[in-house]
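Here the structure is laid out as structure tokens; the discussion comes afterwards.
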Amino acid sequence: MPPDVDSRTAILDAAERLFAERGYAATTIKQIGTAAGVNSALLYYYFADKERLYHDVLQRLLGTLMAEGERVFAAARSREEAIRGLVRVQGELMVSKPHVPRLIARELVDHKAAHVSGLMAQLAAGVFKRLCEMIREGQDSGELRDDLDPQFAAVSTIAQVVYFHIARPAVGILLGHGTDGPPEAVARAYTVHAADFAIAALSAQPARAPRKRRKP
């Protein structure tokens, strides 16, 4: 009888946490098995080796983000709703899995995104491309500012929440919460702020009448 799906999920969950905490090189299959509460030999039923397990951890993470992003775009009734939804999806993922930002940072710093280059290409061709197109269409219609590069604007939109969580210890110090970082309620409040900030930055402002100069 094959092992159940819950065992595979437990292994992925444990691996995700350990890879984030210790890094890829310092994490062993035995440690992951112990953390998952399964015999380490069971890992090889699902994953050929540690590298395959690491890839599947990242695949699940980015796959969830892409799927949720696509769902948000499909359901959105306006550009603003789509942008707010995408920022919210990012924020909820980071809050619900506080170790994920460290995992992302380790992959970018330690491996120069080598394990996620293919996944990032999918993200670029999917959710990111749709966000860029949405911004470009908003610029063409006059709804959004036309003096911004759509790709740069898209990067700025999605980078806010990611930076807040990756730089959690520094942000915690800046906001007076210490190196453990801001509490969950503050992180969620920041997600709302990030969406507001993105919308305000992108929105076309009505032309203002020139101010009259004061007479000397």
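The values are calculated or read from the model by the stated rules, or taken from the named source; none is laboratory data. Keep in mind it's a predicted model, so treat the numbers as computed, not measured. So basically every Cβ, Gly included, is an ideal-geometry build from the backbone, and we count neighbours across all protein chains shown.
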- Message: On the basis of being closer than 22 Å to Ala67 by Cβ and hydrophobic (A, V, I, L, M, F, W, C), does Ala159 make the cut?
- Response: yes
- Query: Yes or no: Asp196 in the same structural domain as Glu81 (by TED's automatic domain parsing), at pLDDT 95 or above, more than 23 Å from the chain's Cα centre (by Cα) and surrounded by fewer than 13 Cβ atoms within 10 Å (Cβ to Cβ)?
  - Reply: no
- Query: Of all residues in segment 13-33 being assigned to a helix (DSSP H, G or I) and out of contact with any Leu (no Cβ under 8 Å at 6 or more places or on another chain), which is farthest from Leu108 (Cα to Cα)?
  - Reply: Lys30
- Please identify the pairs in which a residue from segment 93-114 that is without any contact (Cβ under 8 Å) to a residue 24 or more places away in the chain and in the same structural domain as Gly181 (by TED's automatic domain parsing) has its Cβ atom under 8 Å from the Cβ atom of a residue that is of a type in the set (S, T, N, Q) and surrounded by 17 or more Cβ atoms within 10 Å (Cβ to Cβ), counting only partners at least 6 apart or on another chain. none
- Hits in segment 11-23 - residues which are crowded, with 18+ Cβ neighbours inside 10 Å and not acidic (Asp, Glu): Ile11, Leu12, Ala14, Ala15, Arg17, Leu18, Phe19, Ala20
- Which condition number does Glu107 fail, the rest of (1) surrounded by fewer than 18 Cβ atoms within 10 Å (Cβ to Cβ); (2) among the acidic types (Asp, Glu); (3) under 16 Å from the mean Cα position of the chain (by Cα) being met? (1)
- What are the pairs, 6+ residues apart or on separate chains, where a residue within segment 136-151 that is in contact (Cβ under 8 Å) with a residue 24 or more places away in the chain and under 15 Å from Ala198 (Cα atoms) has its Cβ under 7 Å from a residue that is in a loop (DSSP other than H, G, I, E, B) and of a type in the set (Gly, Ala, Ser)? Glu143/Ala204; Leu144/Ala204; Arg145/Ala204
- Query: When segment 35-92 is examined, which residues are found to be out of contact with any Phe, Trp or Tyr (no Cβ under 6 Å at 6 or more places or on another chain), of a type in the set (Gly, Ala, Ser) and in contact (Cβ under 8 Å) with a residue 24 or more places away in the chain?
  - Reply: Ala36, Gly37, Gly63, Gly69, Gly91
- Residues within segment 154-191 that are part of a helix (DSSP H, G or I), within 21 Å of Ala20 (Cα to Cα) and among the charged types (D, E, K, R), tallied: 2
- Message: Can you tell me which residue is nearest to Met134 (Cα to Cα) among those in segment 56-79 that are part of a helix (DSSP H, G or I) and polar (S, T, N, Q)?
- Response: Thr64
- Item | Criterion: within 18 Å of Gly85 (Cα to Cα), of a type outside the set (Gly, Ala, Ser) and touching a Pro at 6+ places or on another chain (Cβ under 6 Å) - qualifying residue of Ile158, Ile135, Ile166 | Ile135
- Task: Tell me which residues, restricted to segment 34-55, are surrounded by fewer than 19 Cβ atoms within 10 Å (Cβ to Cβ) and in a helix (DSSP H, G or I).
- Result: Thr34, Ala35, Ser40, Ala41, Leu42, Tyr44, Tyr45, Tyr46, Lys50, Glu51, Arg52, His55
- Query: How about segment 171-208: which of its residues are of a type in the set (Asp, Glu) and under 30 Å from Gly138 (Cβ atoms)?
  - Reply: Asp196
